[in-house]
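A.B. asks: This is the structure, below, for whatever I ask next.
The values are calculated or read from the model by the stated rules, or taken from the named source; none is laboratory data. The shown structure was predicted, so the numbers you read here are calculated from the model rather than taken from an experiment. All Cβ positions, glycine included, derive from the backbone under ideal geometry; neighbour counts span all protein chains shown. For the accessible areas, the whole protein counts, side chains as well, though only heavy atoms, and no ligand, DNA or RNA atoms are used. Shrake-Rupley method; radii C 1.70, N 1.55, O 1.52, S 1.80 Å.
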Amino acid sequence: MSKIECTHCNLDFEDSIMIKDTGNYFCCTGCQGVFHLLSDSGLEGFYDKLGKQKLSAPRHSLEDSSSFDTPSFYKQFVKKNNDDFEEISLVIEGIHCSACVWLNEKALHKLEGVVEVNINYATSKAKIVWADHIIKLSCIIDMIRSIGYNAYPYDPSIQEEKANKQRKDFYLRMVVAFFGAMNIMWIAIAQYAGYFSGMDSEMKTILNVAEWILATPVLFYSGWIFFKGAYFGFKNKIVNMDILVATGALLTYIYSIYITLFSAGEAYFDSVAMIITFVLVGKFLEVLSKKSVADTMDVISKHIPNEVNIIKDAILERICVHEVKVGDIIEIKPGEKAALDGEVLEGEGYFDEASLSGESRPIFKKPFDKIVSGTICVDALFRYKVQKDFSHSTLSKLVSMLENAMSKKPSIEMLANKISGVFSSIILGLAFFTFLIWWLGPNSFDRAFMVGISVIVIACPCALALATPVATLIGLSLGGKRGVLFKEAAQLETMAKADMLILDKTGTITQGKPEVVRYETFSVVNEGLLLGLCESSLHPISQGLARYLKNKNDTLVGVSLSASKQVPSRGLEAMYEGQKILGGNAEFMRDSGINVEVNSEHSLFFFAVENTLIAYYELRDKPKEGISELLSMCENNKIEVLMLTGDHQEAAQAIANEVGITNFHAGLSPEEKAQFVSEHKDKVRVMVGDGVNDTLALAQANIGISMGSGSDIAIEVSDIVLLNDSLISLKDAFLISKRTFFLIKQNLFISLIYNLITIPLAMAGYIIPLIAAASMSLSSLLVVGNSLRIKYKWNKNG
């Protein structure tokens with residue numbers, strides 16, 4: 001069978017496997033994507049320079065990409081999203097700056113079938129969404145490798161192993177760099193002493209040669225990561241930070257060799273060694289800082305149990321969590337973490353829920369209570385029935401939300417990335433311009449050259465690129481520790497700008513556990529019928545009345561009803577033995593033709609059979625702790641607070657007066673709540689709710705926040721979830737957002753001021769390359785250190 005040459009890499013492959021595309025032939029979609037990327041970017045000249053040279057990706061040292069398409073890999077790492085596309089979290093090796101992020105996102109977006117690509121610079125983590133029937137994951141991996149990077153699935157344990165390997169590599173390179181730099185500095189001291197006391201040219205040359213020998217491994221071994229990054233930058237026509245470092249150090253090295261061989265002036269091997277050493281140390285500390293921040297995001301996912309004990313045919317078996325089915329019986333011992341959600345069958349004791357909700361006190365569990373995945377059994381043996389498989393468990397959903405949280409970049413970060421993307425090119429231009437001005441003026445080539453090198457080395461696009469993602473990541477992790485789960489990083493910026501807070505009443509402002517304080521009957525009440533009706537709804541009023549009936553008669557059992565239907569914010573209706581059963585508020589009764597006239601400051605539940613009023617119940621719900629602190633924070637930050645409720649005017653007025661809210665609207669349907677929220681588009685609106693009747697309003701707000709105990713659909717449509725249902729957590733969400741956004745702006749200001757001050761000083765000749773290298777590293781560390789102030793400021797004031 002004949003072989004055909006790939007249009008991009010020039011390698012020969014069998015005709016049967018080639019991809020034909022408008023007269024061109026490609027061995028894989030990776031080559032096809034890079035070809036179109038270069039063509040669309042006007043970089044076709046790349047192939048003229050390449051000629052017949054073959055591009056061979058270093059795949060022999062990498063895992064075969066076909067392994068990414070196996071069913072076992074998909075089962076472990078790939079999931080289906082709500083739009084039925086495939087989704088995976090990858091870690092991309094080789095991300096050095098925002099230009100690397102831009103290149104990878106641009107290249108992957110060019111592939112047909114790739115729906116979404118978002119890469120976080122601070123963690124090198126990529127969220128990729130694709131249509132598997134159009135393109136396979138292996139093709140996406142091949143594309144990443146073809147442009148000089150590598151990717152592997154995100155897994156906390158694998159990530160830790162990779163990080164340890166990376167640290168070891170940095171250690172070895174730094175040892176060589178320090179050894180070379182320190183010895184070069186001793187030689188430099190001798191040269192400086194000879195400069196003042198006298199030294200012949202032969203001795204000077206010998207010392208220069210010694211420095212040359214020591215500087216060579218520092219430059220080409222310790223500095224290899226910068227040359228590697230620069231190579232792929234040139235290859236892909238991207239000017240990145242590595243190009244600045246490699247160019248500055250290499251030009252100084254070559255110039256110093258010329259000086260040494262021809263004894264034409266002063267050599268600068270000491271500057272070469274110090275440039276590489278300072279920047280390498282700065283890079284290493286930056287990697288450690290970013291990993292420390294990222295580790296806080298892995299706390300939940302890192303300790304997910306892989307196996308559980310199940311009871312099958314009276315025999316205890318240990319199986320993988322992915323194999324457990326709904327209805328299986330799990331046994332959990334003291335000290336073990338629950339991997340799946342379920343209902344207690346046997347056992348009484350405490351569970352520690354601090355890792356999910358932030359609640360420091362263990363929660364008592366008994367038969368029929370719910371066990372939430374991710375919580376820890378403290379002091380007793382439990383057996384419970386599984387109610388959700390692993391992929392739908394609370395813990396699995398939280399881990400997915402955390403992994404996706406950094407996918408949507410804040411608009412301020414996207415602006416910073418655009419600026420840093422052209423920053424390096426501008427610096428190279430300024431350096432060349434500076435060199436020409438100095439050389440054409442009354443200065444030597446030697447002086448002009450070193451000034452130009454200082455301009456290249458001192459400029460730091462890393463500080464600009466790090467300004468947003470590191471602070472954002474710390475803000476997200478701090479939120480997780482306080483029971484606040486941001487689904488996207490972009491919501492930090494939006495919430496920081498909020499000027500209107502809209503609160504649902506029942507379950508949000510109040511505890512959501514109303515108690516019956518008074519009732520009146522007009523006929524004999526069939527409490528079993530009433531209990532059956534209440535149990536058909538998850539609304540707090542219905543659940544509160546159901547608890548009251550069960551406490552009144554612990555043997556009472558609700559009857560089975562048919563055609564049960566819930567009317568949001570109104571009530572319930574069902575059929576029983578041909579009779580129409582109704583339960584709900586006064587407006588629901590009136591709409592059904594039943595006249596009711598009851599005034600009360602409490603929530604009301606009317607019960608009717610066949611359009612005849614049987615009884616009504618008054619229920620009181622207590623406000624949650626923390627409401628006064630929340631309202632005080634809103635007042636201090638000029639955030640307008642409103643309360644919306646479907647409850648009647650008197651009950652709404654009573655709660656509003658009790659907590660101190662002056663602006664409220666009562667008797668609203670879900671549609672009216674949503675309309676109210678949508679009408680205030682001149683403000684940045686935050687809506688907080690917990691029920692199905694709040695979902696429309698949550699969707700209309702700029703930021704929708706749901707309580708962790710709320711309905712599944714409310715949690716699904718919301719942007720932020722309060723895991724512990726606390727209003728203190730809601731206050732924390734505002735403060736974390738505002739402090740994070742403030743420090744992001746402060747980081748950008750630091751980066752801007754640093755470059756505005758140091759670049760002109762370098763151009764004016766006041767900064768030598770050695771100091772420039774130290775300053776460049778310091779600016780990145782300054783931004784990372786400033787971001788860490790979120791934690792310290794929180795501990796002090798939060």
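A.B. asks: Roughly how many nanometres apart are two label points built 7 Å out from the Cα toward the Cβ at Asn24 and Asp169?
C.D. replies: 3.0 nm
A.B. asks: Just subtract the alpha-carbon distance of Glu323 and Asn551 from 0.36 nm times their residue separation and send over the number in nm, one decimal.
C.D. replies: Extending this stretch completely gives an extra 78.2 nm.
A.B. asks: Still on this structure: Less than 11 Å from a label point 7 Å out along the Cα-to-Cβ axis of Ala190: which backbone N atoms in region 197-229 qualify, by residue?
C.D. replies: So the set is 203-211.
A.B. asks: Tally Lys/Arg at +1 and Asp/Glu at -1 over every other residue whose Cβ is under 13 Å from the Cβ of Glu86; what's the total?
C.D. replies: Details: positive: Lys75, Lys79, Lys80, Lys127, Lys136; negative: Asp69, Asp83, Asp84, Glu87, Glu116, Asp132.
Local charge sum for Glu86: -1.
A.B. asks: Follow-up. Given axes a ≥ b ≥ c from the Cα gyration tensor, I'd like to know whether region 479-601 is rounded (a/c under 1.5), prolate (a/b larger than b/c) or oblate.
C.D. replies: prolate
A.B. asks: Once the piece of chain linking Asp369 and Trp224 is laid out straight, how much longer is it, given 0.36 nm per residue of separation minus the C-alpha distance between them?
C.D. replies: Result: 46.3 nm gained on full extension.
A.B. asks: Any chance you could check the Cα centroid distance between region 245-282 and region 665-686 for me, in angstrom?
C.D. replies: Their Cα centres are 65 Å away from one another.
A.B. asks: Let me ask another. Restricting to Cα pairs below 8 Å that are 6+ residues apart, what does the relative contact order work out to for region 420-530? Please round to a whole percent. Before the final figure, lay out the partial values.
C.D. replies: On the way: 45 pairs, mean separation 18.8, N = 111.
Reported relative contact order: 17 percent.
A.B. asks: Would you pull out the residues with amide H under 5 Å of Arg685's amide H, same chain only if 5 or more places away, H placed 1.01 Å from N?
C.D. replies: Distant-sequence amide H within range of Arg685: Asn702, Ile703.
A.B. asks: Suppose the chain between Gln387 and Ile311 were pulled fully straight at 0.36 nm per residue; how much longer would it get relative to their current alpha carbon spacing?
C.D. replies: Once the chain is fully extended between Gln387 and Ile311, it gains 25.9 nm.
A.B. asks: Compute the Cα gyration tensor for region 429-502, then decide on rounded, prolate or oblate, letting a ≥ b ≥ c be the square roots of its eigenvalues: rounded whenever a/c is under 1.5, prolate when a/b is larger than b/c in the other cases, and oblate in all that remain.
C.D. replies: It comes out prolate by the Cα gyration axes.
A.B. asks: Additional query: Compute the distance in nm between two label points, each set 7 Å from the Cα along the Cα-to-Cβ direction, one at Asp499 and one at Glu266.
C.D. replies: In this crude label model, Asp499 to Glu266 measures out at 5.8 nm.
A.B. asks: Measuring from label point to label point, each 7 Å out along Cα→Cβ, what is the Glu587 to Thr70 span in nm?
C.D. replies: Spacing of the two 7 Å Cα→Cβ label points: 5.9 nm.
A.B. asks: Using alpha-carbon pairs under 8 Å, 6+ residues apart, how would you state the relative contact order of region 442-595 in percent?
C.D. replies: Values: 117 pairs, mean separation 18.5, N = 154.
Relative contact order here is 12 percent.
A.B. asks: Just to verify a number: FRET efficiency for Ile437 and Glu93, C-beta to C-beta distance, R0 = 25 Å, to 0.05?
C.D. replies: Taking R0 as 25 Å, the efficiency between Ile437 and Glu93 is 0.05.
A.B. asks: Next up: What's log10 of I(q)/I(0) for region 569-610 at q = 0.30 Å⁻¹, Debye sum over Cα points only, no solvent?
C.D. replies: Each listed q maps to, in turn, -1.10.
A.B. asks: Any chance you could count the Lys pairs in region 513-641 whose alpha carbons are under 17 Å apart, treating pairs 8 or more apart or on different chains as valid?
C.D. replies: Taking the Cα cut-off of 17 Å, the pair count is 5.
A.B. asks: Okay, next question. Would you rank Val321, Val372 by solvent-accessible area, highest first, keeping every protein chain in place and using a 1.4 Å probe?
C.D. replies: I get Val372, Val321, largest accessible area first.
A.B. asks: If you average the sequence gap of Cα pairs under 8 Å that are 6 or more apart and divide by the length of region 524-640, what percent do you get for the contact order?
C.D. replies: 18 percent
A.B. asks: Between their Cα atoms, which of Lys80/Lys237; Lys505/Lys681; Lys681/Lys745 are more than 29 Å away from each other?
C.D. replies: Details: Lys80/Lys237 35 Å; Lys505/Lys681 22 Å; Lys681/Lys745 25 Å.
Table pairs above 29 Å Cα-Cα are Lys80/Lys237.
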